[in-house]
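Q: Before we start, here is the structure in question, set down as structure tokens.
Bear in mind that the values in this text are calculations on the coordinates, not laboratory data. None of the values given here were measured: they were computed from a predicted structure. Glycine also receives a Cβ, built like all others from the backbone with ideal geometry; neighbour counts cover every protein chain displayed.
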Amino acid sequence: MMEEEMSTSSRKRDHLRICAGSRVEAGFSGFSDVRLVHAALPECSLPEVDTGVRFLGHHLASPLFIAAMTGGHRDAIPINRNLAAAAERFGIGMGVGSQRAALEDPDLEDSFTVVREAAPRAFLCANLGVVQLRDHGIEWAERAVEMIDAQALCIHANFLQEAIMPEGDHDARGCLGALATLCRDFPVPVILKETGAGISRETARRLWGAGVSAIDIGGLGGTSWARVECIRSPESPSARLGERFADWGIPTVVSLREVAGTGPVIATGGVRSGLDMAKALALGADLCGMALPLLAPAMKSGEAVAERIEGFTKELAVAMFLSGARTVKSMRNVRTWITGTTRQMIERIQEISDGS
Ligand SMILES: Cc1cc2nc3c(=O)[nH]c(=O)nc-3n(C[C@H](O)[C@H](O)[C@H](O)COP(=O)(O)O)c2cc1C
């Protein structure tokens, strides 16, 4: 193994340990500022509430999407197996963690291939960093998709984390062009995902222009990569930098308001319950991604993941029922109240688009 390969793999192992054992969330997602309007006479039956959705031409039993987390080292094998088994059992989508380590060292591929083995029919998303895409081109993208026989490819943008890490990629030039080249004739849909700092409407416009099929807004308010890097090297000068930028970014609810309605959107970042999922759907999300809430259960057992997902699904169904929405589609018509800082930020977006 070359030094660079070893560092990708061991950094990924550090990330898992830190995310599972420390306080890695920062900022606010905005979900606590959102309320759904109660329907006193829902005129539907709770057991008949249908959480099924269509996304990029695939039918999924729930909008809950297992967001990219891991792969690329031995410890990831049981975690990915447990997550994938749940994706298969519940008919939901799942993204794998960055496949960079396995693209650098094919010996690490089994920490990813285990996902397709455990989930032969699930909607799976491959994962590659936008910098790796720019530097290695379409060949890495194709290999990432082939490795897990994926239905879509997530390209992640994490320039907040890169800027904090001393060894990070500090040159973001050429990424949009690389994305546009990829999207031109790639065989599966390409999803651009942020990883905790959100997507603005301006960035979304450029992404649709580049030809992406969906955007995962990955907003502020959940796992903070600035904070993770701070914990990873507490003595380094980057720790202070990381803490300074721990709540940098666009809160998930605000980002959702910026991007919803412009194309297929996954709302990720601080989604912590089925109720948050219902709120995101009412605000226009197509899918709702969760990473951190599923990490501890996945480190325990497949059964623990299943229990967690069942809990979230039940919460979602109750929220839909009490909103008078039997289907996810009708959740879109449910009225919301938005208060506090989230409201102020959203009103400002409205003012800008009204030209005032
Ligand atoms: C342990 C861990 C590892 C992650 N690794 C990746 C990764 O390799 N690639 C990626 O695109 N996102 C990665 N993410 C980011 C998540 O997909 C997600 O965007 C982010 O954590 C926000 O969701 P959350 O608040 O539910 O955790 C990771 C998240 C966690 C918790």
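Q: Can you tell me how much longer the chain between GLU351 and ASP247 gets when fully stretched, taken as 0.36 nm per residue apart minus their C-alpha distance, in nm with one decimal?
A: Extending this stretch completely gives an extra 35.0 nm.
Q: Continuing with the same structure: Using the 2.2 N^0.38 Å rule of thumb for compact globular proteins, work out how the range 195-247 stacks up: its C-alpha Rg over that value, please.
A: 1.44
Q: Could I ask something else about it? Provide Rg and Dmax in Å for the range 145-191, with only Cα atoms included in the calculation.
A: Cα radius of gyration and Dmax of the range 145-191 are 13.1, 35 Å respectively.
Q: Considering every pair of different Cα atoms, what Kirkwood radius, in Å, is found for the range 223-356?
A: 16.9
Q: Rg/Rh for the range 253-318 to two decimals, with Rh computed the Kirkwood way over all alpha-carbon pairs.
A: 1.03
Q: Still on this model: Dipole size in debye (nearest 20) for the chain around its Cα centre, Lys and Arg Cβ +1, Asp and Glu Cβ -1?
A: With only Lys, Arg, Asp and Glu charged at Cβ, the dipole is about 1080 debye.
Q: Same structure, new question: Going by average Cβ density within 10 Å per residue, which order do the peptides 316-322, 340-346 take, highest to lowest?
A: Per-residue Cβ counts within 10 Å, averaged per peptide and sorted highest first, yield 316-322, 340-346.
Q: What does the helix-only formula give at 222 nm for the chain: each DSSP H stretch with n ≥ 4 adding -39500 (n - 2.57), the total divided by the residues, and the result rounded to the nearest 500 deg cm²/dmol?
A: Taken over the chain, the calculation gives -14500 deg cm²/dmol.
Q: Quick one: of the DSSP bridges fully inside the chain, what percent are antiparallel, nearest 5?
A: Rounded to the nearest five, the antiparallel share is 20 percent.
Q: Now a separate question. For the chain, what are the per-bin percents of Cα-Cα distances with bins 20 Å wide, up to the bin holding the maximum?
A: Answer for the chain: a P(r) of 32, 61, 8, 0 percent.
Q: Within the range 5-58, report the trypsin sites (Lys or Arg not before Pro) that DSSP leaves as loop and that have at most 10 other Cβ atoms within 10 Å.
A: Answer by residue number: ARG23.
Q: A follow-up question, please. For the peptides 44-50, 277-283, 67-73, 163-169, what is the packing order when you average, over each peptide's residues, the other Cβ atoms within 10 Å and list the highest mean first?
A: 277-283, 67-73, 163-169, 44-50
Q: Divide the volume of the convex hull of the Cα atoms of the range 24-119 by its number of residues and quote the answer in cubic angstrom per residue.
A: Taking only Cα atoms, the range 24-119 has a hull volume of 159 Å³ per residue.
Q: Right, here's the next one. What is the local net charge at HIS58, summed over the other residues whose Cβ is closer than 12 Å to its Cβ (Lys, Arg +1; Asp, Glu -1)?
A: Here the charged neighbours net out to +1.
Q: Place +1 on the Cβ of every Lys and Arg and -1 on the Cβ of every Asp and Glu in the chain, take the dipole about the Cα centre, and give the residue among PRO187, ILE309, LEU241 whose Cα lies farthest towards its positive end.
A: ILE309
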